[in-house]
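> For reference, the structure I am asking about is given below.
The values are calculated or read from the model by the stated rules, or taken from the named source; none is laboratory data. These numbers were taken from a predicted model, which means no experiment stands behind them. When we count neighbours, we look across all protein chains shown, and the Cβ atoms used for this are built from the backbone with ideal geometry, even at glycine.
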Amino acid sequence: MTTTDHDQDQDQDQDRDQGRDQDQGRDQDQGRDQGRDQDQGHDRARAHDDALDAALDDPVGHALRGPHAHLARRLGAAATYLPDVATFAALPADAGPAAWADLAALLGPGSLADLFSSSATPPDDWEPVFSLDGLQLTLPANRAPSQPQDDPRIVELGAADVPDMLALVARTRPGPFWPRTHELGTYLGVRDEAGALVALAGERLRPPGLTEISAVCTTPEARGHGQAARLVRALAVRIEARGELPFLHVAKDNTAALALYERLGFEVRGPVTFRGFRTPGDERNTPQP
C-alpha cells in the first residue's frame, strides 16, 4: 500500500467517525427537544387542570368575569348578575370590609346576597338567610365524549317559552329560576302530546372551559320515563362538543338525583355549602324563586 492509499484510508475513517459523531449529536439534540416538548406538555396540562380547579372552586366569580360578563353588575371587588337573570353574587375568598361594603352597595339594603358556594365570611351585621349542604359533580375529562343522539322529543327553549318554564319550575322547584335565566345558556325541554312542558334542563354557570347543567326537573306525572336523563345527556353532548367540561350541583340529601347523575357518568368532586345572607339595612328585598 502506498503512502497516498494509507492517507486516503485514514481520511475515510475520520469521515466515518465524524459522521457517527454528528448522528449521535443529532440524536441527543432530538432527545433533548422531545424531553423539553414533553415537559412543556405536562406543564400546560397541569396549568389547564389548575385553571379548571380554580373555576370550579369559584364558578360564579369566574363566570361573571368571563363568558357571563355581559350579564354582570360590578362595583369594586363585588359582582352579581343582572336582575331577573340570577341572584348569585361573587367576592374574593379573602374579601375584606371594603369588598363587603361594595357588595352591600351593589345589592341595596336588606337584599339577598346569594353567595352560592363561596367560602367568604361576611361581617357580623349580615343576617344569615339560608345554608344548604350540597355536592359538586363533574364528568371526567379523560372519558370518551358523549355521542350525539337525535331525539325528536327534545326541543330547544327560548324567550317565548319563559312562561311555561316558570310554571314548571314553580311546580317542581329545582332551584332559583327567573324570567331571564334562560339567557345564561341553552335550555332544553320535553313537551307532551298536548304541548305542555313536562321536563326541563339547561346551562347555568359558565366559567371558562366549563358549563354547569342546572334546572333539571320533571312534572310528577311525567316521571319514570327517563326525561331528566335524556335532557342531561343531550346538554352534556353539546357542552363537550364545545370542548368544555360539564359539571353540576345537587343537594346532599337528594339521593335520587345523585344516583341519576352517577349513572350518567358524573363523579363527585367534593362537598359544597350554598349560603345566602341579607345585606344590612331596614329595607327587605328577598326575591322569591
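The rows are residues; the columns are (1) closer than 17 Å to Ala241 by Cα; (2) of a type outside the set (Phe, Trp, Tyr); (3) surrounded by fewer than 18 Cβ atoms within 10 Å (Cβ to Cβ).
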{"site": "Pro152", "(1), (2), (3)": "no, yes, yes"}
{"site": "Leu157", "(1), (2), (3)": "no, yes, no"}
{"site": "Met165", "(1), (2), (3)": "no, yes, no"}
{"site": "Arg171", "(1), (2), (3)": "no, yes, yes"}
{"site": "Pro179", "(1), (2), (3)": "no, yes, yes"}
{"site": "Asp192", "(1), (2), (3)": "no, yes, yes"}
{"site": "Val198", "(1), (2), (3)": "no, yes, no"}
{"site": "Gly202", "(1), (2), (3)": "yes, yes, no"}
{"site": "Val216", "(1), (2), (3)": "no, yes, no"}
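> Check whether at least one residue in segment 149-158 is without any contact (Cβ under 8 Å) to a residue 40 or more places away in the chain, small (Gly, Ala, Ser) and not in a loop (DSSP other than H, G, I, E, B), and report yes or no.
no
> Something else: So which of Ala167, Ala101, Ala95, Ala120 ends up being outside the structural domain of Pro246 (by TED's automatic domain parsing), more than 25 Å from the chain's Cα centre (by Cα) and of a type in the set (Gly, Ala, Ser)?
Only one candidate passes the filter, namely Ala101.
> Quick check on Pro140: is it within 22 Å of the chain's Cα centre (by Cα), more than 15 Å from Ala199 (Cβ to Cβ) and either modelled with pLDDT of 95 or more or not acidic (Asp, Glu) (or both)?
yes
> Restricting attention to segment 219-227, does a residue exist that is in contact (Cβ under 8 Å) with a residue 40 or more places away in the chain and within 21 Å of Pro67 (Cβ to Cβ)?
So far as segment 219-227 goes, no, none of its residues is in contact (Cβ under 8 Å) with a residue 40 or more places away in the chain and within 21 Å of Pro67 (Cβ to Cβ).
> Can you find a residue that is assigned to a strand (DSSP E or B) and crowded, with 17+ Cβ neighbours inside 10 Å anywhere in segment 222-244?
no
> Search segment 190-209 for residues being of a type in the set (Gly, Ala, Ser) and either in a loop (DSSP other than H, G, I, E, B) or assigned by TED's automatic domain parsing to the domain that holds Ala63 (or both), and hand back the single one that is farthest from Pro67 (Cα to Cα).
That would be Ala194.
> Under 8 Å between Cβ atoms, at least 6 apart or on separate chains: pull out the pairs that start in segment 233-257 with a residue that is free of Cβ contacts under 8 Å to residues at least 40 places away in the same chain and end on any residue that is assigned to a helix (DSSP H, G or I) and surrounded by fewer than 19 Cβ atoms within 10 Å (Cβ to Cβ).
none
Yes or no, residue by residue, for (1) within 30 Å of Gly108 (Cα to Cα); (2) acidic (Asp, Glu); (3) modelled with pLDDT of 95 or more; (4) outside any helix (DSSP H, G or I):
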| site | (1), (2), (3), (4) |
| --- | --- |
| Leu188 | no, no, yes, yes |
| Thr211 | yes, no, yes, yes |
| Glu262 | no, yes, yes, no |
| Pro271 | no, no, yes, yes |
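> In segment 1-113, which helices (runs of 4 or more DSSP H) lie fully inside it and hold 3 or more residues that are surrounded by fewer than 12 Cβ atoms within 10 Å (Cβ to Cβ) and modelled with pLDDT of 65 or more?
Helices (runs of 4 or more DSSP H) meeting the threshold: 3-57.
> Anything in segment 114-126 that is assigned to a loop (DSSP other than H, G, I, E, B), of a type in the set (Asp, Glu) and touching a residue at least 40 places away in the same chain (Cβ under 8 Å)? List them, or say none.
Residue satisfying the conditions is Asp125 alone.
> A follow-up question, please. So which residues in segment 144-161 are at pLDDT 75 or above and of a type in the set (Gly, Ala, Ser), if there are any at all?
Gly158, Ala159, Ala160
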